[in-house]
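Chemist: Dumping the structure here so I can ask a few things about it.
The values are calculated or read from the model by the stated rules, or taken from the named source; none is laboratory data. Only a predicted model underlies this, so the values are computations on that prediction, with no experimental measurement involved. Positions of Cβ are backbone-derived with ideal geometry, glycine not excepted, and every protein chain shown enters the neighbour counts.
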Amino acid sequence: MRFCLVSDSHGNRGKLETVLEKGDYDYFFHMGDGINDLGLYSYVSQVYAVSGNCDYFGGEPNEKIITLCGKKILITHGNRYGVKSGLGILYDYARTIGVDIVFYGHTHRQQIDNIGGIYFVNPGTFKKNDRGESHYLYLNITEDGVTSEDAFV
């Protein structure tokens, strides 16, 4: 299964539309702060989105728990778990609810960790970098494990 992960798009709707139109994934995830940029749901058959701390009128919950590919996944923005100061609080919560993978954002930094057997994946910000590129991440989940690919648009 191939997942496309975006977070913190903060109004970068044009480039987000480009990624959505590519459709080279099975599921699309947006971890908040810009979910109104997803007024484009028609491009994607399976979209999962949560509200971030800047999504005042987002209309999505702050977190979701789903199961895909036999993996229990927590989708959250991360601000409620103090992720800018570390993953300790989020790890404790993830362990308590028994998830295999956590998708989060908020820090604007890409980060992939395996802590205590739980994958923590932050695609980094989709907001334009100093080269005018927007960063996102592909995650491939197979029976053999989890791999990631950086992507820019």
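Chemist: Which one is farthest from Leu20 (Cα to Cα), of the residues in the stretch 132-151 that are assigned to a strand (DSSP E or B) and either over 14 Å from the mean Cα position of the chain (by Cα) or among the small types (Gly, Ala, Ser) (or both)?
Modeler: Top of the filtered list is Gly145.
Chemist: Please work out which one of (1) at pLDDT 95 or above; (2) touching a strand residue (DSSP E or B) at 6+ places or on another chain (Cβ under 6 Å); (3) not small (Gly, Ala, Ser) is the condition Glu133 fails and give its number.
Modeler: Checking Glu133 against (1) at pLDDT 95 or above; (2) touching a strand residue (DSSP E or B) at 6+ places or on another chain (Cβ under 6 Å); (3) not small (Gly, Ala, Ser), the one that fails is (1).
Chemist: Is it true that Thr125 is in contact with a helix residue (DSSP H, G or I) (Cβ under 7 Å, 6 or more places away or on another chain) and within 29 Å of Gly39 (Cα to Cα)?
Modeler: Judged against the criteria, Thr125 is not a match.
Chemist: To continue, here is another question. Select from the stretch 107-153 the residues that are touching a Phe, Trp or Tyr at 6+ places or on another chain (Cβ under 6 Å), of a type in the set (Val, Ile, Thr) and closer than 19 Å to Asp24 by Cα and list them in ascending order.
Modeler: The answer is Val146, and nothing else.
Chemist: Mind listing whichever residues of the stretch 90-126 are over 21 Å from Cys69 (Cα atoms) and charged (D, E, K, R)?
Modeler: Asp92, Arg109
Chemist: Go over the candidates Arg80, Arg95 one by one and state the one that is out of contact with any helix residue (DSSP H, G or I) (no Cβ under 9 Å at 6 or more places or on another chain), basic (Lys, Arg) and under 22 Å from Tyr119 (Cβ atoms). Walk me through it before giving the result.
Modeler: Values: Arg80 fails: out of contact with any helix residue (DSSP H, G or I) (no Cβ under 9 Å at 6 or more places or on another chain).
Arg95 is the lone residue from the list that is out of contact with any helix residue (DSSP H, G or I) (no Cβ under 9 Å at 6 or more places or on another chain), basic (Lys, Arg) and under 22 Å from Tyr119 (Cβ atoms).
Chemist: Which of (1) surrounded by 21 or more Cβ atoms within 10 Å (Cβ to Cβ); (2) within 25 Å of Gly145 (Cα to Cα) does Tyr91 not meet, given it meets every other one?
Modeler: (1)
Chemist: Looking at the stretch 73-83, can you tell me whether even one residue there is among the hydrophobic types (A, V, I, L, M, F, W, C) and surrounded by fewer than 17 Cβ atoms within 10 Å (Cβ to Cβ)?
Modeler: No; the residues of the stretch 73-83 include none that is among the hydrophobic types (A, V, I, L, M, F, W, C) and surrounded by fewer than 17 Cβ atoms within 10 Å (Cβ to Cβ).
Chemist: So which residues in the stretch 98-110 are surrounded by fewer than 15 Cβ atoms within 10 Å (Cβ to Cβ) and closer than 23 Å to Met1 by Cα?
Modeler: Across the stretch 98-110, the qualifying residue is only Gly98.
Chemist: Just name the residue that is farthest from Tyr93 (Cα to Cα) out of those in the stretch 111-153 that are in contact (Cβ under 8 Å) with a residue 40 or more places away in the chain and exposed (fewer than 14 other Cβ atoms within 10 Å of the Cβ).
Modeler: Asp150
Chemist: Which residues, taken from the stretch 41-71, are more than 14 Å from the chain's Cα centre (by Cα) and closer than 14 Å to Asp8 by Cα?
Modeler: Of everything in the stretch 41-71, those that are more than 14 Å from the chain's Cα centre (by Cα) and closer than 14 Å to Asp8 by Cα turn out to be Asn53, Cys54, Asp55, Tyr56, Gly58.
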